[in-house]
Each structure stands twice: as C-alpha cells, then as structure tokens.
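The values are calculated or read from the model by the stated rules, or taken from the named source; none is laboratory data. Here the structure is a predicted model, which is why all the values come from computation and not from measurement. Quick reminder, even Gly has a Cβ in these numbers, built from the backbone with ideal geometry, and neighbours come from all protein chains shown. For the accessible areas, the whole protein counts, side chains as well, though only heavy atoms, and no ligand, DNA or RNA atoms are used. Shrake-Rupley method; radii C 1.70, N 1.55, O 1.52, S 1.80 Å.
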Amino acid sequence: MVRAEEAARLDRLESQVENGGGGAWEYLCLVRKLKARRSDKVLKHGLSILNDPKARSKLGGEEWTLYEQVAFAAMDCQQHDVAKDCIAILSKEFPGSTRVGRLEGLLLEAKGAWAEAEKAYERLLEDNPLDQLIHKRKVAIAKAQGDLSAAVNLLNKYLEIFMADHDAWRELAEIYMSLQMYKQAAFCYEELILSQPTVPPYHLAYAEASGLLLVLYTIGGLENLQTAKKYYASTITLTGGKNTRALYGVCLCSIAINQLTKGRNKEEKEGSNLQSLAAEALQRDYRERAPKKLPLVISMLKNMKLNS
C-alpha cells in the first residue's frame, strides 16, 4: 500500500512535470516503484524521453525498462500501435526473452485476441512450465471471457503447485463467493487464515462465507452461524474494535443464533455479553464518526433487542 507521504511526493512530481519543471525520469521511476497506475502520464512523459535521442542515451540500461513501462501504459490507454512498437524494439534487443514474450501475450489480450494470447502463453509454458505469471494470465483470460468455471479449474491446478500463493487463494475464494459456492470459499479462507492468522480481512471474509452457508444448508446452520460469529469476533480483536462490518456481523449472528436456540436448554443459548459489547462499540463508533446517523443505529439495535 502506498503511504500518504509517498503519494503526496508523487503528486508533487507529477504537477512539476506537467508544468514544465522537469523531473520526468524521476517521476516515471517513482510511479514504477510505487506501482501506481497513471498510465496516461507515463505514456506522455515516457514517450517524450524515448523520442528524444539525447535524453534516451542518458538512461543507459534503464532505457529498456522504460520501453517496457511505456508498453504497459500504452496497452492500458488502448494505444496498441505504440505498445507494439515498444515490444518490437525489446524483442529485437532481447530475442527469445520470456519477459518480452509475456508482453506480446498481454498485447494480444489488450486487443481481445484471447485464443492467440492463450497459444502464446502455452508456447512460453513449454519452455518454463513453472512460470507463475503466465499461469495467472491464463486465469485472467478465462475471467475476461466470463468463463468462471475455467478460471476455477485453472486456479485449483495452479494451487496444487504453488500452495503458498496467498493472492491466488484469495482470488479463488472471491470467485467461489460470486458463484455462491460458499463452502468452497470458506475452505479458501481457512487456508489463508492458517498461513496469515493476523490479517483481519481474512477473518472477516471467512465469517461472511460461513454465515452465508445458512442460505444453502438447513442442517448444521447453527454451527455455521457460531463459526461466523467467532471469526467476526476475531476480526474485532485484530482491528482493536474498529471494524464496523465485523461489529454488525456479531450483532446479526447473535440475533440469528438466539432465534435458532429459542426454547432449548439454557447452556445452548448464546450468551449476551459479546453482542452487548458489539452494540456499545457500534454506538460509540457512530457517535464519533457519524453522529447524525446515531439515532438510526440506536433504533435498529433496540429493534434487534441489543440495546435497552
């Protein structure tokens, strides 16, 4: 994540370059370092350097890095001819390069030539079957065409080899959620929590996946809600009580659990301590950040019997 001071520095540099104050190369380097997406500016100022032989000669070996950066920006801006020219220069300088081959595949994707892009990636995988970036591009192609089933299959095969790739697990979980395959999504979030137990969004997402299981399963619904509540609670703990979504989750799960356990033995009923604390934290949060909405929250909590 880009820190505020880095973002401010980038904005200052951009303003300086735009107003003719120089520093284009410094700006382009910072964009690359921060992985910022400012494609129109990169294209404009990158080409101004590449089209100036004197300025280009000062870059040394960084010239090729700039060609690559401009190629990416050109594809993002739908300037396919510019991207093609940059890639052609790189291909001439680095014949047979896998990195340049990936750029060629990306250009085909940018043009919507999905079949040709897939063939290009397959050729690259023949030389390097463990190239993670190319495997992920194949997933991206499947998603771009709306074939989520193919994307799921590709990601599952990928994770059989690269089991420690957190981004892939998260992407697979999100696809499962979009397909309403909550049990499978929950499994993905379990993997993420096991590998990164202190990351709050994983606990929150797992709680929501577990809670949504009740929509599809009537048997074992109480257990799913209790699991959801547990992970909403852990999200609250990891964020110091600052996650509003998790606070709402605890309240809603508590209501649903109390309804399901109504009339059962006392020890099976959900205790009220956690839900009361969550309700108090919600009111405190709204009092500090959105006082105008506080009456609505208090009324809602009273209707949920979570506030006296």
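General remarks:
- Solvent-accessible area per residue for the chain (1.4 angstrom probe, square angstrom): 58
- Neighbourhood charge, 13 Å Cβ-Cβ cut-off, centred on Val17 and excluding it, Lys, Arg +1 and Asp, Glu -1: 0
- Descending Cα extents along the principal axes, the chain, whole Å: 81, 47, 28
- Enclosing the Cα atoms of region 139-218 in their convex hull gives a volume equal to 87 cubic angstrom per residue.
- Relative contact order for region 167-210, counting Cα pairs under 8 Å that sit 6 or more residues apart, in percent: 38
- Alpha-carbon centroid distance for the pair region 11-54 / region 77-104, whole angstrom: 20
- For Lys119, the solvent-accessible surface computed with a 1.4 Å probe is close to 130 Å², ligands and nucleic acids excluded.
- Using θ = phi - 60° and Karplus 6.51 cos²θ - 1.76 cosθ + 1.60, couplings along region 89-98 (whole Hz; Gly, Pro as x): 5, 5, 5, 5, 6, 10, x, x, 6, 5
- Of the residues Ser178, Ser276, the one with the largest accessible area comes first in the ranking Ser178, Ser276, computed with a 1.4 Å probe on protein heavy atoms.
- Pairs from the list Lys58/Lys138; Lys119/Lys183; Lys157/Lys183; Lys143/Lys229 with a Cα-Cα gap above 26 Å: Lys58/Lys138; Lys119/Lys183; Lys143/Lys229.
- Derived scalar couplings ³J(HN,Hα) [region 180-190; Karplus, 6.51 cos²θ - 1.76 cosθ + 1.60; whole Hz; x for Gly, Pro]: 6, 9, 5, 5, 5, 4, 4, 4, 4, 5, 4
- Choice from Tyr27, Tyr121, Tyr158 with maximal GNM fluctuation in the chain (Cα, 10 Å cutoff): Tyr27
- Among Val297, Val100, Val139, the largest mean-square fluctuation in a Gaussian network model of the chain (Cα springs under 10 Å) belongs to Val297.
- A simple count of charges around Leu159, restricted to other residues whose Cβ falls under 15 Å of its Cβ and scoring Lys, Arg +1 and Asp, Glu -1, yields -3.
- A simple spin-label model places the labels of Ser178 and Met163 2.7 nm from each other, with each point 7 Å out along Cα-to-Cβ.
- Taking the accessible area of region 1-95, probe 1.4 Å, and keeping the other protein chains in place, the carbon and sulfur fraction comes to 50%.
- Here r is the Cβ-Cβ distance between Lys58 and Glu93 and R0 is 22 Å; the resulting FRET efficiency, rounded to 0.05, is 0.80.
- Considering only Ala151, Ala205, Ala279, the mean-square fluctuation computed in a Gaussian network model of the chain, springs between alpha carbons under 10 angstrom, is largest for Ala279.
- Anisotropy class of region 60-134 from Cα gyration tensor, a/c 1.5 cut: oblate
- Using heavy atoms of the protein chains and a probe of 1.4 Å, the accessible area assigned to Tyr206 is about 20 Å².
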